[in-house]
Structures are given as C-alpha cells and as structure tokens.
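Novice: The structure under discussion is supplied below as structure tokens; questions concerning it will follow.
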Amino acid sequence: MLKGFMTRRWQSGVGWGFGWLALGAPLGLIAAPLITNLAQLRAVPFSQATQQLPVRLSAIVTAFNPNSVFIQDATGGSFLSYPNAQTVLAIGDYVEVEGVTYPGRFLTGVGTPQVRQLGKRELPAPMEVDYDDLVFSRYHYERVAVRGIVHSLRHSLETDRWVMNLTMGRQRLEVQIASHGATNLPPWVGAKVRVTGLAGGNINNRRQLLAPQLLVNQPADVRVETPPVADPFAAPLLSASELLNFRPEGLTQQRVRVRGIVTLHQPDGVLFLRDGQFGLLVETDQLDPLKPGDEVEAVGFAAMGRFSAYLEDARFRVVGSGPPPPPQTMSLTQALTDNNDANLIVLQAYLVETLLNPKETTLMLRIADVIFSARLPRTEVHLRNGSELQVAGVCRVVEVNPGGSGFGASPRSIELLLRSGADINVLSEPSGWTVRRLAIIAGALFGLALLAFGWVVLLRRRVADQAQIIRAKVQREAVLEERHRVAREMHDTLAQSFSGLGFQLEALQTRLPAEAVVARQQLETAQKMVRHGQEDFRRSLLNLRPRELDAASLATALAELAEQSTRGTGIEIRCDLQTPDGKLSELVETNLLRIAQESLVNAVHHGHPRHIQLSLEVASAWLRLTVIDDGQGFDPRKLENRADGHFGWRGIRERAGQMDAQVELQSTPGQGTTVRVNVPL
C-alpha cells in the first residue's frame, strides 16, 4: 500500500507537477496537477483555466490595478484577482499564493487567492524590449524597459494617473504613471527617456490585444537620457515646405518651430495654417481661441500624414493678427497636381446632393465626371441639386496615387473643409422644369390613370363575385330547406313505420309456441332486417340534419363527438377548438362535423393510435379543421383505386367540395395520419 503522497514535477520550467495521490483514494481518482510557478500558469489555456486547477507558488508583487495585483517570479509574470490589494500588500512584497486558475481577459491568473507575506525582495530586473515585443505580448504582465521620445504628458482625473505618449520610432506607446498625489512632473516633453514598468494593454472581448500599454509605479521609474530643449520656441524657424525634407544627418526627432496665418481652427484642436503658398495641419490639445487671420508660431513633432507632413502634439502662441488670407482659386486638375494639401482653395462645381447628420453638413459636388465632398459644421442650407456653386475650403487629400514604377506620388481624390455657410456662393440654379421633374409628373399622371383603370376592373370583379356568392347562397338555402323537409317527412312516416313493424314482430314472437323453431328463426331474421333498416335509416337521417348542432355550437359538438368516438378505447384525445365570432352557415357546420366524425372513426378503427389531436382554428377569412393521429398510417396512393371502395374518403372530398374548401391528406405507413380541411369564409 502507498504511504503518504507521491509528487513528480517536470524538469522544464513550464512543465506541470502531477500533484499527489491521497492515501486510500479509489483507483483512477487522481487530483488535478498542481501549478507551482508562473510559467506553468501562463501556459494554461482559457479552456482549462475555467476548471479551477490548483495553484501554489511564490512571487514578488510588481504593480497594482483596482481589481488586480501583478506578480512575477523567475519564470514569468501574471496576476491575482484581488480587489483592493493595495490595502494589505505593497510593491516588492515577496508572497506565497494559494488559489485556483482564473481565466483572465488575456492570460490566466490566480482566483480566490490566499496570500501570505514572506518578506521583501528586490523587483525583478526589467527586460529591454522594443514596440514589437510589446505588440506580440511575449512579456505581457512582466517588468520591461523601453526607450523613446516623450511627445505629450497630461494628468487623468478619472484614474489619478499621468498619461505619457511615448514615440518609439514610428509607433506610439501610452504610458500610465501612478501619480501618488504628485501635482506636477518634470518637463519631459521632447526628452529621450528610458521607462521601466509593467507590460500590459487594452484587450477586446475576443481576448485580443488592441494596443500595448506600460504601467509605471512611480515617476522615478522614468529616467531622462537626453533632456528636452529648454525653450522650444527658440528653435530655428522652418517653413511648411521644409518639414521632413532630406538631411544628411537624418530627420530630427525633436520639436520644430513653424509660423503661419490661421485659415481654419476646428473645435477638436485641429489647426490649419498658411505659410507662403503652402498649407500646414497642426494637431494640438491647446484650447486657446483663434480666428482666421491670426498669425501664430507653433512647435511640435513633425509627422507624415496621408500625403504631406504635419505637426502633432503641438503648442502655439499668437504673434500677430490681420485679415483672413484669401483662398487660392484653381481648377480641380491643379488641386490634384499641385501641393495644395491643407491649403485654402476655391473650386467651382455642380451640386449633386446635400447630406445632413447631427454634427455636419456634407455637399456632394461634381466637376466633369469627378465626384468629391465638401464638409462644414451642421448648417441648414437650401440649395437645389444641379446648382453651380463656388465653394471655398481647406483642401484635404483623401486618396493617393502610388508612384508605380517610379517614386513619385500625387493626390487621387480630395475633399474640402468649409468654415461656414458663407464659404458657399451660388452661381446659377437649374430651371424648375427639368427633364427629371417632367418625367416625374408624367409618371405620376400615368400611374393615376393605371390606378383608376385598375379600380374599375376590381370593382367589376367584386360585383361579379358578390353576385355569384348570392346565387350560391340562395341555392344552398333552397337545398337545405328541402333536405330539412325530407328529413321531417321521413321521420314522421318511415321512422314510425319501422318502429311499428318492430313492435308487431316482437308481439308475434311472444305468441309462437315453443316447438315452432323454424318460424322463430325466420322471425328473428326479420327482426334483424328491421333493426338494420332502422340503423341505416337513422344514419341517413342524421346526414340530412345533425341533431348535435341543434342544441350546441360547432366547437361543443366536435368536443362531444371526439369524446364519444374514443370512449372505452384507451386513446388519449386532445381538443383545441376555437369558436367562430359569427354564425356559420348550416352547410359548413354540418359538413365539418361529418368530416370530423369520419376522420375520427377511421383513426380509431384503422389507425389504432395512442393519441389523437382534434383542432379547429378560426381566422377572419378562413377556418381550419385538423385531425392528427399517431397510428399505423397508410399509403395515400391506394385511395386513388376506386375499385377498393374507399367511400369514407370520397365522402370527405365531396363534403369539402360543397364548401369550396381545400382538403389535405398526409400519411406514411408507421407514422400516423393528418387530415386538414381549409374552409374560406
């Protein structure tokens, strides 16, 4: 017998231990593998993390989030699902953790942790990484170090953290720095820094990393390697056409200074300047108000836009003011070939359509066979399609033509950003009697004529249909009245005669002597013939006038018929019967009752089912009778052989024909039978 427990661990840092086998446990009952380091924990896929595998490991606390505490050991990093952990733990604590696997948003962590502090340890040395290392998440939730240029720095009141935008080559990384009450930070913008923190990022619901982030515990984890320029507004002045031009020493990563006249200042902080004959876009979060004609200096980081260079993360100051710069008049060809991206220009075009949304108005314009758009803040404009307009706005390149076999590039399509409705000048409007409008009027008149003709045809058809219905109703009422008269006559004559004949035969039987055996046999035969004749006569009389409908509605009569047909058979009958709003004709009620009777009798006698469903559905224009059984079923093709004498099915079809109803029969050997009758009202 095994004593104690037996444990085996893989030698690899990412292998799982097999756990232990308890003394006296049944054979085959083995505990889940125990996870003893963070490399093993990181290797647990989401599908297995939900099984709450046991975890027992030791690690160092490296960072906090509101509902998580991040830990790291020599094999990797992960997290504990531990709300308010900062109240009991601190960065640098060396802890022992016991818990179960927890399926985190991106990688597996520890849930329901039991944490015991073992002392203090130095934080793990950070791994030097680049932007791609963070994107490919190799070091996710581990301490890393990155280098880059600080482009912006702001304080977030929502998270009480400083948010730094760090550029690493052509990529941007968001760095969140715990403020710990700090109301100001050193002037890092423009500095080259080395930042140490926890690798993380934003994760979508598909467990995919949208963008990497860095979580920094304190401002001291940001080390300046190259300080920023003391006064960026003292930097050499560059023109808009010189930004990102070739330099033998390479392009600068520091802030540059430009000057220009304001042509457009959008509420979202986008600023357009004119510098000489060129336009320049400047992105800034500075909210100081500007107006067209103000002369400003801006310092920011040069970046490449869709077609031309612009400034990002810029600051500006007003150095003068004057009249708004006039827009440059040009053709569409010039706009697509010259350097007019971000410049204020004027074009003449024809209005195709006006589009409105809650924030802006968009004009779809046409020059020859080229369509482009002009956008401005939401403005109610009353312009007719086809009008010739002169529009002034800032030109923006939307698509670019690649250089092909060469290295050149040119705009493929543009749009205009208008400042207000005053930038729209109507040169001419189309005539009110356009070909399109005439075609619409002619089409409307033709449509009215077609409607009138269709209404006349429909009215005649409805009159003919009503006349046919009235004739059919009169004929049916006459037939029903005659059937009722015949039923009464037969009841008063033949029925009484059959009854009297039966009484006489019974009286004669009592008078015969016991030894008249032959006579008694002949008399009994006569009595049987009389009884059969009475039954046939009664059945014929019932077909003429159902007594069930004299004292009850169709639904009630059907329910009683179903109960009588299955009484003593052991068959479960389920009825779902709706009552019509109005009074049905006697022809419809009689035929539906007899069809139901024939279908129920066939199901009971031939199908031998366990269940029968009888339903009557009522709508405004039709009603539907359905009888469904789960009995033996049969091949419906046999009903087409008239030599077999299927009189019941013929009767059902004849009765349906009297009501102009459609009857459906569905049956398969071994799968039951369905009879459905659809009666138009």
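Novice: Among 445-457, 162-174, how do they line up by average Cβ neighbours within 10 Å per residue, starting with the highest?
Specialist: Numbers: 445-457: 10.0, 162-174: 17.3.
The packing order, highest mean first, is 162-174, 445-457.
Novice: Still on this structure, I have one more. Give the long-range amide H neighbours of S152: residues separated by 5 or more places, or on another chain, with amide H under 5 Å away, using H modelled in the peptide plane at 1.01 Å from N.
Specialist: Placed amide hydrogens put N165 under 5 Å from S152.
Novice: Further, regarding this structure: Between beta-carbons, use under 9 Å as the cut-off and find the net charge around V195, counting Lys and Arg +1, Asp and Glu -1. Intermediate results must be reported in sequence, preceding the final value.
Specialist: Working: positive: R147, R194, R223; negative: D221.
Neighbour charge sum, excluding V195 itself: +2.
Novice: Ranked highest first by the average count of other Cβ atoms within 10 Å around their residues, in what order do 319-330, 297-308 fall? Show your work: numbers first, answer last.
Specialist: Numbers: 319-330: 13.8, 297-308: 19.3.
In descending order of packing, they fall as 297-308, 319-330.
Novice: Summing Lys, Arg as +1 and Asp, Glu as -1, what charge do residues with Cβ under 9 Å from the Cβ of S58 carry, S58 excluded? Please list the in-between numbers first.
Specialist: Values: positive: R56; negative: D73, E96.
Here the count lands on -1.
Novice: Calculated from DSSP H runs of 4 or more alone, at -39500 (n - 2.57) each and per residue, what is the 222 nm mean residue ellipticity of the chain, nearest 500?
Specialist: Values: 11 runs with 170 residues, N = 681.
So the calculated ellipticity at 222 nm is -8000 deg cm²/dmol.
Novice: Might you report the magnitude of the Cβ-based charge dipole of region 209-312 about its Cα centre, with Lys and Arg at +1 and Asp and Glu at -1, to the nearest 20 debye? Each step should come with its number before you reach the end.
Specialist: Numbers: 8 positive and 14 negative charges, 47 e Å.
Charge dipole of region 209-312: 220 debye, to the nearest 20.
Novice: If you don't mind, another one. Which FRET efficiency value, to the nearest 0.05, is calculated for Q48 and H180 with the Förster distance at 45 angstrom and r the Cβ-Cβ distance? Before the final figure, lay out the partial values.
Specialist: On the way: r = 38 Å, r/R0 = 0.85.
About 0.70, to the nearest 0.05.
Novice: Additional query: Between region 118-141 and region 156-209, how far is it from one alpha carbon centroid to the other, in angstrom?
Specialist: Between the Cα centre of region 118-141 and that of region 156-209, the gap is 15 Å.
Novice: What nm value, rounded to one decimal, do you get for the distance between N425 and Q578 when each label is placed 7 Å out toward the C-beta?
Specialist: Each label point lies 7 Å from its Cα, and together they span 7.0 nm.
Novice: Please give the charge dipole size of the chain, origin at the Cα centre, charges +1 on K and R Cβ atoms and -1 on D and E Cβ atoms. Round to the nearest 20 debye. Write out the running numbers ahead of the final one.
Specialist: Numbers: 70 positive and 69 negative charges, 184 e Å.
That gives a dipole near 880 debye.
Novice: Just going by the charge dipole of the chain, with Lys and Arg at +1 and Asp and Glu at -1 on Cβ, which of S78, A230, A191 is farthest out on the positive end?
Specialist: Of the listed residues, the answer is S78.
Novice: At a 10 angstrom cut-off on C-beta neighbours, averaged per residue, how do the peptides 335-343, 240-248 rank from highest to lowest?
Specialist: 335-343, 240-248
Novice: Any chance you could run the full-extension gain for E380 through I469? It's 0.36 nm times the residue separation minus the Cα-Cα distance, nm to one decimal. Write out the running numbers ahead of the final one.
Specialist: On the way: separation 89, 0.36 × 89 = 32.04 nm, distance 5.95 nm.
The E380-I469 span can extend by a further 26.1 nm.
Novice: Okay, moving on. Could you state the accessible area per residue of region 555-681 in Å², with a 1.4 Å probe and every protein chain left in place? Could the numbers behind the result be given before it?
Specialist: Values: 6910 Å² over 127 residues.
Roughly 54 Å² per residue, with all protein chains present.
Novice: If amide hydrogens are placed 1.01 Å from N in the peptide plane, which non-local residues have theirs closer than 5 Å to the one on N343?
Specialist: Counting only residues 5 or more places away or on other chains, the set is G279, C395.
Novice: Would you mind calculating the gained length between L210 and R520 on full extension (0.36 nm times residue separation, minus the Cα-Cα distance), in nm to one decimal? Please list the in-between numbers first.
Specialist: Working: separation 310, 0.36 × 310 = 111.60 nm, distance 10.55 nm.
Extra length from L210 to R520 when fully extended: 101.1 nm.
Novice: Over region 145-228, what relative contact order in percent results from Cα pairs under 8 Å that are six or more residues apart?
Specialist: Values: 180 pairs, mean separation 25.6, N = 84.
So the answer I get is 30 percent.
Novice: What fraction of the Cα pairs in region 165-310, stated in percent, has a spacing above 23 angstrom?
Specialist: Everything past 23 Å amounts to 49 percent.
Novice: Under 12 Å from the Cβ of E98, count the other residues' Cβ atoms, weight Lys and Arg +1, Asp and Glu -1, and hand me the total.
Specialist: +1
The values are calculated or read from the model by the stated rules, or taken from the named source; none is laboratory data. Note that the coordinates shown come from a computational prediction; the quantities given were computed from them, not determined experimentally. Neighbour counts run over all protein chains shown; Cβ positions are idealised from the backbone, glycine included. Note: accessible area is taken over every heavy atom of the protein model, side chains too, but ligands, DNA and RNA are not part of it. Shrake-Rupley method; radii C 1.70, N 1.55, O 1.52, S 1.80 Å.
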